[in-house]
Amino acid sequence: MAETTFVYDADGLVLGRLASTVADILLKSSRSGENNQVVIVNAEKAIVSGKPSSVFATYHEKYALNHARKGPYFPRMPDMILKRTVRGMLPYQAKSSGRRALRNLRVEIGCPSHLNGDLPDGHEAGDDSKIRRELPVRFVRLGEISANLGAPAHRWNGGEQ
């Protein structure tokens, strides 16, 4: 069994389309006994389509459900929001294959130096031809949503607020 790591660049990809594609890859891999992994880079540049005010309101409602000790826990950082979106598309609580699939997902803010340019051995670029579309007329980047929720935006803006 050859283990492969698929690398997806989330820059300009719609969050839901990317998450469903990644969840499908992870679940098929997990159920077939393979150990394929997925790495998503530039999570803060993924987009959520829709009117910005309604998108901000939706994510603020989800975040407002947080309770420090009891949960449910909804993240503020863009990488964790994307990972949580993928988790919602997996049978995470129902089956061990869903939990195993989630363990094989890594989401990064920005692009790590070893994934810039040519990919190392065992890594290949994920096929995003079916999910890459023109940017919608109205959209919000995941980094802007996180900043609106109060996350420290300097971590992905390079020091800018």
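Annotations for the structure displayed:
- Across the accessible surface of the chain, with the other protein chains kept in place and a 1.4 Å probe, carbon and sulfur atoms take up 47 percent.
- Across region 14-161, the relative contact order, built from alpha-carbon pairs under 8 Å that are at least six residues apart, equals 37 percent.
- Residues in region 103-143 reached by a label modelled at Ala57 [backbone nitrogen below 20 Å; 7 Å Cα→Cβ]: 137-142
- Of (i) 16.9; (ii) 17.3; (iii) 16.4, the label for Kirkwood radius over Cα pairs in Å derived from the coordinates: (iii)
- Computed from Cα atoms, the angle from the helix 15-31 axis to the main principal axis of the chain rounds to 30 degrees.
- Here is the list for region 62-142: GluC sites (Glu not before Pro) lying in DSSP coil, each with at most 16 other C-beta atoms within 10 angstrom of its C-beta, are Glu134.
- Shown here for region 62-125: trypsin sites (Lys or Arg not before Pro) in loop regions (DSSP other than H, G, I, E, B) with at most 12 other Cβ atoms within 10 Å, namely Arg69, Lys70.
- The Glu134 and Gln93 beta-carbon pair, evaluated with R₀ = 30 Å, returns a calculated FRET efficiency of approximately 0.25.
- Area accessible to solvent at Phe56, 1.4 Å probe radius, in Å²: 50
- Derived scalar couplings between HN and Hα for region 69-80 equal 9, 9, x, x, 9, 10, x, 9, 6, x, 5, 6 Hz in order, rounded to whole Hz, by the Karplus curve 6.51 cos²θ - 1.76 cosθ + 1.60 (θ = phi - 60°), x for Gly and Pro.
The values are calculated or read from the model by the stated rules, or taken from the named source; none is laboratory data. Everything numeric in this text was worked out from a predicted model, so none of it was measured. With ideal geometry, Cβ positions are generated from the backbone for all residues, glycine too; neighbour counts draw on all protein chains shown. These accessible areas exclude ligands, DNA and RNA; they are computed on the full protein's heavy atoms, side chains included. Shrake-Rupley method; radii C 1.70, N 1.55, O 1.52, S 1.80 Å.
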